[in-house]
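See below for the structure under consideration.
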Amino acid sequence: MLHRGPYAAEAPTIEALHAFIAAQGYVFAGKHHEIYLKDPQRTAPERLETVIRDLAAILDGAVRGQQVMAAQRYEPLDRLVDGNRVVLEVQWTGTLAIPLGALPAGGQMRARFAVFLTYRDGKIAHQRNYDCFEPW
C-alpha cells in the first residue's frame, strides 16, 4: 500500500492496510514494514512516498524476486558490534534471470545496504535496512 505525505500522517494508511487484511479473512500478525521511496532530506513532507506492507506482502515479494533473479551475492564490507546491536555494510550483486528495464537477462544490479540489527536471546529482534542501488 502506498502512503503519500508526511510520515506523521501515516495512521490512516496503516488503518486501511489493517482493514484490508481483515476483509480478506486474515489476522494482522505483527508490525508492518515500510520502504521509503523518497529522500526526506530532499523532499517536502507532503511529497514523501512510503510503501507500507504486511508480512504476507513481504513474503510474496520474496517469491516474485526469486523469479527475477538468477543469483544473488552478499559481500560484507564492514561491521560494528555494540553489545546486542550489530551494524553491517553489505555490497549486494544480483544477476537477472529475465530482462528488467534496460538490463538484459544475465545483467547485474548492485546495491549497498546498511543493516541495523538488534538481538534478543540470540535471535534477531529488530532489523532496519537502508538500501542504495546503483542506477540501472
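The values are calculated or read from the model by the stated rules, or taken from the named source; none is laboratory data. Everything numeric in this text was worked out from a predicted model, so none of it was measured. Neighbour counts run over all protein chains shown; Cβ positions are idealised from the backbone, glycine included.
Numbers at a glance
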{"read-out": "Members of segment 99-134 found to be among the hydrophobic types (A, V, I, L, M, F, W, C), modelled with pLDDT under 95 and part of a loop (DSSP other than H, G, I, E, B), listed by number", "value": "A102"}
{"read-out": "All positions within segment 1-37 that are in a loop (DSSP other than H, G, I, E, B), out of contact with any Lys or Arg (no Cβ under 9 Å at 6 or more places or on another chain) and modelled with pLDDT under 80", "value": "Q24, G25, Y26, V27, F28, A29, G30, K31"}
{"read-out": "Criterion violated by A44 - all others in (1) in contact (Cβ under 8 Å) with a residue 24 or more places away in the chain; (2) surrounded by fewer than 14 Cβ atoms within 10 Å (Cβ to Cβ); (3) in the same structural domain as T13 (by TED's automatic domain parsing); (4) not acidic (D, E) satisfied", "value": "(1)"}
{"read-out": "Residue in segment 40-54 that is part of a loop (DSSP other than H, G, I, E, B) and within 13 Å of the chain's Cα centre (by Cα) present", "value": "yes"}
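Residue by residue, here is whether (1) surrounded by 14 or more Cβ atoms within 10 Å (Cβ to Cβ); (2) within 28 Å of L2 (Cα to Cα) holds:
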residue: H33; (1), (2): yes, yes
residue: R64; (1), (2): no, yes
residue: Y74; (1), (2): no, no
residue: V86; (1), (2): yes, no
residue: E89; (1), (2): yes, yes
residue: A102; (1), (2): no, yes
residue: A105; (1), (2): no, no
residue: A111; (1), (2): yes, yes
residue: K123; (1), (2): no, no
